[in-house]
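K.L.:
A single structure is presented below for examination.
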Amino acid sequence: MNKPQLQRIAESVYQAMFSQNPEVSNIQETFYGWVVFLISPKGKVVVKFSREFGRIEKEVTGLELLKKKVTCPVPEVYFFGRSEGYDYMLMEWLEGISAYELPDNPNAIETFREDYTNILISLHEHTDSRGFETTSEKFEPSLIDAFDQWMYPVLRYVLSSASPFSCELKDAYTLLWEKKTEILMPINNHSSFVHDDCHIANVLFDPKTYKISGLLDPCDVGFKHKEFDIFHLFDVREDLKLVDRYHEKSPLIEGFEVRRYFLGLWDDAKHSRNIGWYDESWINSKLDRFNTAYKQA
């Protein structure tokens with residue numbers, strides 16, 4: 001993606017909305033694209049671009065659904081569109097600091113852990129009697145059947161000749177697929193609404209109170225199983241021990257240690273399919289941890 005071009009598009013979008021040229025406060029590269037922070041006396045906004053075609057429209061829908069179900073702020077989308085070959089959305093600038101930068105002091109950590117796990121547990125209390133959402137308004141009563149529909153296209157990608165995955169990893173993913181029924185059976189029912197990418201780099205906190213001031217960047221939101229959120233809590237700042245606090249309040253089902261790596265490996269493969277990301281050492285390390293947990297289970 002061309003950074004100067006994206007900045008120019010963002011400034012043009014802002015001018016169209018506010019009839020004023022903005023100042024660029026910041027521009028950041030993210031995993032899926034770029035975000036441009038714009039400011040003028042008429043308002044502060046964020047313009048977000050995505051590498052994946054169609055991702056912006058999905059995120060707009062995801063933010064609208066998430067806003068109805070969480071007890072913390074979620075940015076409002078003012079409008080979205082496409083310019084010069086790039087999808088974008090213009091949205092509210094929420095005040096706060098990335099939770100990745102949460103201070104390493106007991107009061108900050110305790111307040112944040114308590115607040116964020118309460119928010120997630122409240123989110124996961126939203127369920128649907130129809131089961132697990134495979135597409136908009138289509139459900140499967142069984143998680144295993146829904147997982148087939150979510151991840152079979154990902155498996156086909158991993159095994160294809162166009163995939164960057166090594167022969168060894170292709171064999172490993174084939175074995176993972178064969179074990180999916182065994183691994184997912186303990187959580188085969190009871191769906192929850194999930195954010196689907198809730199690691200703390202997608203969370204803002206208030207630097208005065210250390211409470212959550214914003215929840216950002218949902219991925220494939222919908223009715224899945226709550227563990228599709230919980231395993232992400234290990235992705236960033238594992239020292240916060242968010243899963244331990246969640247488990248204290250809402251006990252996890254036996255076998256979670258195996259499933260956290262299983263779900264993480266499929267999540268990595270999904271991101272590779274979406275935007276071409278591939279980190280062989282990262283995936284191999286996670287696979288080693290899965291194998292160890294599986295043998296010990």
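K.L.:
Mind telling me which of the residues VAL60, VAL46 ends up being without any contact (Cβ under 8 Å) to a residue 60 or more places away in the chain, touching a strand residue (DSSP E or B) at 6+ places or on another chain (Cβ under 9 Å), outside the structural domain of GLU238 (by TED's automatic domain parsing) and in a helix (DSSP H, G or I)?
P.N.:
Of VAL60, VAL46, the one residue that is without any contact (Cβ under 8 Å) to a residue 60 or more places away in the chain, touching a strand residue (DSSP E or B) at 6+ places or on another chain (Cβ under 9 Å), outside the structural domain of GLU238 (by TED's automatic domain parsing) and in a helix (DSSP H, G or I) is VAL60.
K.L.:
Pairs under 6 Å by beta carbon, first residue farther than 12 Å from LEU263 by Cα and at pLDDT 95 or above in region 171-198, partner surrounded by fewer than 21 Cβ atoms within 10 Å (Cβ to Cβ) and among the acidic types (Asp, Glu), six or more apart or different chains?
P.N.:
Taking only residues 6 or more apart or on different chains, the pairs are SER191/ASP128.
K.L.:
If we only count strands (runs of 3 or more DSSP E) wholly inside region 136-234, which ones have 2 or more residues that are among the small types (Gly, Ala, Ser) and crowded, with 19+ Cβ neighbours inside 10 Å?
P.N.:
Those strands (runs of 3 or more DSSP E) span 212-215.
K.L.:
Do you know which residues across region 94-135 are assigned to a loop (DSSP other than H, G, I, E, B) and surrounded by fewer than 13 Cβ atoms within 10 Å (Cβ to Cβ)?
P.N.:
Within region 94-135, GLU95, ASP104, ASN105, GLU125, SER129 qualify.
K.L.:
Which of (1) assigned to a strand (DSSP E or B); (2) in contact with a helix residue (DSSP H, G or I) (Cβ under 9 Å, 6 or more places away or on another chain) is the odd one out, the single condition SER25 does not satisfy?
P.N.:
With (1) assigned to a strand (DSSP E or B); (2) in contact with a helix residue (DSSP H, G or I) (Cβ under 9 Å, 6 or more places away or on another chain) applied to SER25, the lone miss is (2).
K.L.:
For region 37-55, how many residues meet the condition of being among the hydrophobic types (A, V, I, L, M, F, W, C) and out of contact with any Pro (no Cβ under 9 Å at 6 or more places or on another chain)?
P.N.:
Here the count works out to 4.
K.L.:
Would you check if ASP235 is at pLDDT 95 or above, at negative phi and not hydrophobic (A, V, I, L, M, F, W, C)?
P.N.:
no
K.L.:
Go through THR111, THR135, THR127, THR117 for me and flag whichever is at pLDDT below 95 and assigned by TED's automatic domain parsing to the domain that holds VAL221.
P.N.:
THR135
The values are calculated or read from the model by the stated rules, or taken from the named source; none is laboratory data. Quick caveat, the model's predicted, so the values are computed rather than measured. Because the Cβ atoms are built from the backbone with ideal geometry, glycine has one as well, and the counts that use them run over all protein chains shown.
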